[in-house]
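Notes follow once the structure below has been shown.
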Amino acid sequence: MVEPAFVDEAGPLRREILAHCYRMLGSAADAEDAVQETYLRAWRGFDRFERRASMRTWLHQIATNVCLRSLEQRERRFLPATLGGPASDWNAAVRAAPAETPWLGPLPIDPAEAAGAREQVRLAFVAALQHLPARQRAVLILRDVADLPADDVATVLDTTTVAVNSALLRARERMSREAPDPAEMSEPTTPEMRARLLRYVDAWTRADVGALAAVLREDVILEMPPVATWFAGRGPVLGFLGAHVFREPGFFQVRPVAPPANGQPTYAVYVHDEAHALQVLDLAPGGVRRIHAFLQPELFPIFGLPVNLPAGRDLHD
């Protein structure tokens with residue numbers, strides 16, 4: 001029987017530990033498995049928990065070690081832009097990545113949960129974390145996201161405070177190059193951005209390249225895991241979509257997803273009532289800066305979405 005005290009103390013921390021594991025592993029499914037193992041280990045060891053640290057620190061310690069063991073076999077996950085340069089010819093056939101490519105994936109995160117640390121759950125931040133060695137990644141997340149003291153992080157990682165501080169400096173320096181500047185991001189809550197998002201959905205629904213152009217930034221990027229090909233710039237992105245994706249109006253059913261992925265605007269795209277893509281958008285002043293179009297219907301159940309819509313119905317029926 002699970003100790004009531006364990007449930008009372010550890011239960012409310014589950015979402016935080018899940019987000020921690022996701023930042024470490026870059027996969028919602030792997031993060032969920034890591035949380036399950038973390039809580040099982042914590043429950044089994046609860047009677048030996050000496051409270052030299054808080055329950056929160058103890059759970060982070062267990063979760064970090066679970067994730068580090070997982071990362072011994074594979075330290076990073078990828079988005080297409082990390083596998084090579086953008087395509088220049090949108091008329092050429094797209095290039096499939098090797099089937100075993102470990103893709104970075106999205107995680108359902110309520111924007112209210114992300115308040116105050118929104119940039120630390122965005123796909124771009126989690127993608128940047130993938131450039132760090134596993135232990136540096138752990139140090140950065142524990143210090144700058146979980147806000148644990150350096151002494152506690154040293155305990156978690158069985159190392160010294162000096163080593164923690166050194167690793168943190170190296171990790172911050174790398175992240176300053178890889179992660180986008182939060183000042184360059186926009187939120188979907190302003191009237192201007194809400195209007196742009198409505199126009200974005202309408203453009204996809206009507207297969208209207210011109211209307212889509214009006215809501216995309218000039219430097220927009222389109223990625224489509226598990227396709228390795230990606231496009232950078234409004235011209236190539238619209239050229240590819242116009243030539244290969246947009247067909248007749250009504251071909252795509254586009255519905256907002258709640259809770260969204262990584263606290264960002266997220267849309268479920270269906271074709272003939274079948275799951276086609278999960279689109280996660282990065283917003284910046286001037287419009288949509290990045291479209292992550294996950295062509296992976298297996299992600300839909302993670303967001304509570306049906307893979308097949310009943311004929312004639314949409315997500316809101």
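If you take just the strands (runs of 3 or more DSSP E) that sit entirely in the stretch 214-317, which of them hold at least 3 residues that are among the aliphatic types (A, V, I, L, M)? Show your work before the answer.
Details: elements: 216-224, 227-232, 252-256, 266-271, 274-284, 287-294.
Because the criterion is at least 3 residues that are among the aliphatic types (A, V, I, L, M), the strands (runs of 3 or more DSSP E) in the stretch 214-317 that meet it are 216-224, 227-232, 266-271, 274-284, 287-294.
Looking at the stretch 144-156 only, could you name the residues that are closer than 18 Å to Leu71 by Cβ and at pLDDT 95 or above?
If we filter the stretch 144-156 for residues that are closer than 18 Å to Leu71 by Cβ, which is where we start, we get 145-146, 153, 156.
Passing the criteria: only Val153.
Does the stretch 258-277 hold any residues that are of a type outside the set (S, T, N, Q) and under 12 Å from the mean Cα position of the chain (by Cα), and which are they? Step through it out loud before you land on a result.
As a first pass, look at the stretch 258-277 and keep what is of a type outside the set (S, T, N, Q): 258-261, 263, 265, 267-277.
Within the stretch 258-277, Pro260, Ala261, Gly263, Pro265 qualify.
Within the stretch 144-152, can one find any residue that is surrounded by 19 or more Cβ atoms within 10 Å (Cβ to Cβ), β-branched (Val, Ile, Thr) and in contact with a helix residue (DSSP H, G or I) (Cβ under 7 Å, 6 or more places away or on another chain)? Reasoning before the result, please.
The first filter runs over the stretch 144-152 and keeps only residues surrounded by 19 or more Cβ atoms within 10 Å (Cβ to Cβ), leaving 146, 148, 152.
With the extra rule that they be β-branched (Val, Ile, Thr), the set shrinks to none.
No.
Criterion first (surrounded by fewer than 17 Cβ atoms within 10 Å (Cβ to Cβ) and over 19 Å from Phe294 (Cβ atoms)) does Ala258 satisfy it? Break it down into steps so the answer makes sense when it comes.
Values: surrounded by fewer than 17 Cβ atoms within 10 Å (Cβ to Cβ): yes; over 19 Å from Phe294 (Cβ atoms): no.
No; evaluated as a whole, the condition is false for this residue.
For every residue, the table says whether it meets (1) free of Cβ contacts under 8 Å to residues at least 24 places away in the same chain; (2) surrounded by 12 or more Cβ atoms within 10 Å (Cβ to Cβ); (3) not in a helix (DSSP H, G or I).
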| position | (1), (2), (3) |
| --- | --- |
| Ile17 | no, yes, no |
| Tyr22 | no, yes, no |
| Thr38 | no, yes, no |
| His60 | no, yes, no |
| Arg74 | no, yes, yes |
| Gly85 | yes, no, yes |
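Before we move on, is Ala93 farther than 23 Å from Asp282 by Cα, part of a loop (DSSP other than H, G, I, E, B) and among the small types (Gly, Ala, Ser)? Talk me through it step by step, then tell me what you get.
Details: farther than 23 Å from Asp282 by Cα: yes; part of a loop (DSSP other than H, G, I, E, B): yes; among the small types (Gly, Ala, Ser): yes.
Criteria met by Ala93.
Condition check: charged (D, E, K, R) and crowded, with 19+ Cβ neighbours inside 10 Å. Does Glu223 satisfy that?
Values: charged (D, E, K, R): yes; crowded, with 19+ Cβ neighbours inside 10 Å: yes.
It is true that Glu223 is charged (D, E, K, R) and crowded, with 19+ Cβ neighbours inside 10 Å.
Can you run down the residue pairs with Cβ atoms below 6 Å, 6 or more apart or on separate chains, where the first is in the stretch 142-162 and in the same structural domain as Glu16 (by TED's automatic domain parsing) and the partner is of a type in the set (Gly, Ala, Ser) and part of a helix (DSSP H, G or I)?
Hits for this filter: Thr160/Ala154; Thr161/Ala150; Thr161/Ala154.
Quick check on Leu212: is it under 22 Å from the mean Cα position of the chain (by Cα), at pLDDT 95 or above and in the same structural domain as Pro297 (by TED's automatic domain parsing)? Lay out the reasoning, then the answer.
Numbers: under 22 Å from the mean Cα position of the chain (by Cα): no; at pLDDT 95 or above: yes; in the same structural domain as Pro297 (by TED's automatic domain parsing): yes.
Spelling it out, it is not the case that Leu212 is under 22 Å from the mean Cα position of the chain (by Cα), at pLDDT 95 or above and in the same structural domain as Pro297 (by TED's automatic domain parsing).
For Arg143, state whether it is closer than 29 Å to Pro226 by Cα, more than 14 Å from the chain's Cα centre (by Cα) and not hydroxyl-bearing (Ser, Thr, Tyr). Full working, then the answer.
On the way: closer than 29 Å to Pro226 by Cα: no; more than 14 Å from the chain's Cα centre (by Cα): yes; not hydroxyl-bearing (Ser, Thr, Tyr): yes.
Taking the combined requirement at face value, the residue does not satisfy it.
Could you figure out which of (1) surrounded by 16 or more Cβ atoms within 10 Å (Cβ to Cβ); (2) in contact (Cβ under 8 Å) with a residue 60 or more places away in the chain isn't true of Ala96?
So Ala96 meets the others, but not (1).
Listed here are the residues, each with its yes/no results for (1) surrounded by 14 or more Cβ atoms within 10 Å (Cβ to Cβ); (2) under 23 Å from Ala284 (Cα atoms); (3) among the charged types (D, E, K, R).
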{"site": "Arg174", "(1), (2), (3)": "yes, yes, yes"}
{"site": "Arg177", "(1), (2), (3)": "no, yes, yes"}
{"site": "Pro191", "(1), (2), (3)": "no, yes, no"}
{"site": "Arg194", "(1), (2), (3)": "no, yes, yes"}
{"site": "Arg199", "(1), (2), (3)": "yes, yes, yes"}
{"site": "Ala203", "(1), (2), (3)": "yes, yes, no"}
{"site": "Asp208", "(1), (2), (3)": "yes, yes, yes"}
{"site": "Leu212", "(1), (2), (3)": "yes, yes, no"}
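Tell me, please, whether a residue that is part of a helix (DSSP H, G or I), of a type in the set (S, T, N, Q) and within 17 Å of the chain's Cα centre (by Cα) can be found in the stretch 122-137. Give the steps one after another, and end with the answer.
Applying the first criterion (part of a helix (DSSP H, G or I)) to the stretch 122-137 yields 123-129, 134-137.
After this cut, where a residue has to be of a type in the set (S, T, N, Q) as well, the list is 136.
After this cut, where a residue has to be within 17 Å of the chain's Cα centre (by Cα) as well, the list is none.
No, every residue in the stretch 122-137 fails to be part of a helix (DSSP H, G or I), of a type in the set (S, T, N, Q) and within 17 Å of the chain's Cα centre (by Cα).
Here is a check on your reading of the model: is Met185 farther than 30 Å from Pro133 by Cβ, touching a residue at least 24 places away in the same chain (Cβ under 8 Å) and touching an Asp or Glu at 6+ places or on another chain (Cβ under 8 Å)?
Working: farther than 30 Å from Pro133 by Cβ: no; touching a residue at least 24 places away in the same chain (Cβ under 8 Å): yes; touching an Asp or Glu at 6+ places or on another chain (Cβ under 8 Å): yes.
Considered against the rule, which asks whether it is farther than 30 Å from Pro133 by Cβ, touching a residue at least 24 places away in the same chain (Cβ under 8 Å) and touching an Asp or Glu at 6+ places or on another chain (Cβ under 8 Å), Met185 comes out as no.
The values are calculated or read from the model by the stated rules, or taken from the named source; none is laboratory data. Owing to the predicted nature of the structure, the values given are computational and were not obtained by experimental measurement. Backbone-built Cβ (ideal geometry, glycine too); neighbour counts: all protein chains shown.
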